[in-house]
Structures are given as structure tokens and as C-alpha cells.
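One structure is given below, encoded as C-alpha cells.
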């Protein structure tokens, strides 16, 4: 529990005091993220679940009862509930089968299932495909997808025009798609040998 | 029509590719902690949501207070005074004109009915 929060009034927490909440969520986001990633090694899904948990807590803050436990235990309960919901959702849908190259072949026609993203070989395929791109393309893709920057910010960071960033990102996406398909086929062939 | 369908398919495939690549590229970052961009964006969205809901609650509370404290009280007192004055006036006029007491009672009943009508409107 954050010491500052422990000292302050629970009323401020329930009423939505901005400073208390800023302090609280800045400590809870990494903790919740770690919990979800430990369950499913999938950063995108972990981000979705952290977001859902934090918003569930914000919207239900009026129902928090200090006599039942600390706010940390309370938000952990919400997170566990979201894990159960996700597990139930997964159990109700057919598990993806077939080799990994078939999913990468259809990368622009259907969403990749979470289960495919969580396979160990997927991370290796992505790392291998990324390493085959030009360094500038790697930087642009990481800036866009990991750092969440827009074209203007990327252009400032890379010292190029915004138009150049757009065309670089376009080329990088096409190249990455090709490299992913190739790396996936190589992975499948390697497993067969 | 076919061209429209082709265009829609093309844009959908671009969006789908973009989403899939975003999820894949994130696999290359440190899995132990969330990215700074995600943390900042979520924190700012959460604080925005809290601010909005606190302001909405405050507005609702103020509206209720204004209704009860001012408008209703003022109109209520005015209507009550008018009803009392009208009742008094009905008796005085009836006495001065030496009217039948039934007429005076009728006048009072009319005022009372109007008062009830006003109260009914407030309740509904």
C-alpha cells in the first residue's frame, strides 16, 4: 500500500481525489501488468486487461469498503475477476490449430489469435523478421507501435519530414509482413527437419 | 459497387495488418513492465474520467439544491400568501356585500382547489 494513501482519508479515494488516484494508479499499473503478463505472455492483452481493471476500479470506486481491505487488495480482486472472465472467454472458443505459417500468411485478412501471439516461437519469428529490416525502419516501427508516437513526433525524433515518416512506415510494414511470412515458413520447415 | 467493395476490403486489410503488426512488435519489448507511453496515456485517461464524473456529480447536486432552495421556496411562499389573502378577501367581500355565506364558502373552496392544483403540479 502506498504510505501516502494509507495516511489520507478513504473518502478522498471514493470521491475521486485526482492526486490520490494519480499516486494509486502509478503504483498499480506496473503491478497489474506484471500479473497479467505472468498469466499470458502477451503485452497487448496485458495492456487491455490493465486498462479494463483500472477503469472498472474508477467506475466502482464508490463501492470500495475500507473495512474489507486495502485499495490494493480491492483492485487485485477486480484484476482476478478479469482474469477469470478472460479464461472463460478462451475456454468457450475453439483453440487455434495448424502451423504458425498459416496465421502469418493471413496477417492482413484476419486478426491473429491471442494463443498464437503467446507461443514462444512467435516472439522468435518477430525478432528475426525485425532484425532483417533496415535500422531506420526498425526505429520507425518501434516508435509507432511501442512508444505510441505519431508521425510528427517520429519526424522530430528521426530528423526527417513527416511525409518521409509516412512513406518509411508504409515500406516498413510491407517489408515486415514479407519477413514475418518468410520467418514463419522457415520455422515450420525447421521443426519438420 | 464492386469498386466500393474492393476499396473497403483494401482499407480493412490495411487496418487489420496495422493492428496485427502493433501486437507483434510489442512482443519485442521488455515483457516485465508496461511501456512509458501506455502508462502515461492510461493515467491521463483515468484522471480525465475521474474529473468528468466528479464535475457531473457536482452539477447534479447544484441543480437539486437550486430547485429546492430557491425556485420552489419562492413560488411556494408566494402561492401560499396569495391563497391566504384571497381567502381573507372572500370573507371581507362577502360581509361587505352581505352575500350569502354559501357564496363565501364557495369562494374559499375555489381558492383551496387552486392551491391543491398547484401542489399537485409540484409533486408530479
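Do you know which residues across region B:12-24 are closer than 20 Å to residue A:29 by Cβ and either surrounded by 17 or more Cβ atoms within 10 Å (Cβ to Cβ) or more than 7 Å from chain A (Cβ to nearest Cβ) (or both)?
B:23
Based on this model, can you work out whether residue A:45 counts as on the phi < 0 side of the Ramachandran plot and more than 8 Å from chain B (Cβ to nearest Cβ)? Judged against the criteria, residue A:45 is a match.
In region B:40-51, the residues that are within 7 Å of chain A (Cβ to nearest Cβ) form Cβ pairs under 6 Å with partners that are not in a helix (DSSP H, G or I), at six or more places apart or across chains, as follows: B:50/A:16. If the condition is being more than 21 Å from residue A:46 (Cβ to Cβ) and free of Cβ contacts under 8 Å to residues at least 12 places away in the same chain, then region A:93-112 contributes A:94, A:97, A:98, A:102, A:106, A:109, A:110.
As for region A:43-66, it holds at least one residue that is in contact (Cβ under 8 Å) with a residue 40 or more places away in the chain and under 20 Å from the mean Cα position of the chain (by Cα).
Out of everything in region A:128-150 that is in a helix (DSSP H, G or I) and surrounded by fewer than 16 Cβ atoms within 10 Å (Cβ to Cβ), what residue ends up being nearest to the other protein chains (Cβ to nearest Cβ)?
Residues of region A:128-150 that are in a helix (DSSP H, G or I), as a first pass: A:128-131, A:135-145.
Subsequent filtering for residues that are surrounded by fewer than 16 Cβ atoms within 10 Å (Cβ to Cβ) retains A:131, A:135-136.
On the way: A:131: 10, A:135: 14, A:136: 15 Å.
Looking at residues that are in a helix (DSSP H, G or I) and surrounded by fewer than 16 Cβ atoms within 10 Å (Cβ to Cβ), I get A:131.
Among the criteria (1) away from chain B (no Cβ under 11 Å); (2) out of contact with any helix residue (DSSP H, G or I) (no Cβ under 6 Å at 6 or more places or on another chain); (3) more than 21 Å from residue B:40 (Cβ to Cβ), the one residue A:162 does not fulfil is (2).
Identify, please: which residue in region A:110-121 is within 15 Å of the chain's Cα centre (by Cα) and in a helix (DSSP H, G or I) and is, among those, surrounded by the most Cβ atoms within 10 Å (Cβ to Cβ)? Selected residue: A:117. Remark: pairs (first residue in region B:25-37, more than 7 Å from every other protein chain (Cβ to nearest Cβ); second residue part of a helix (DSSP H, G or I) and at pLDDT below 90; Cβ separation under 7 Å; 6+ apart in sequence or on different chains) are absent.
The values are calculated or read from the model by the stated rules, or taken from the named source; none is laboratory data. These numbers come from a predicted model, not from an experiment. Glycine gets a Cβ as well: all are built from the backbone with ideal geometry, and neighbour counts include every protein chain shown.
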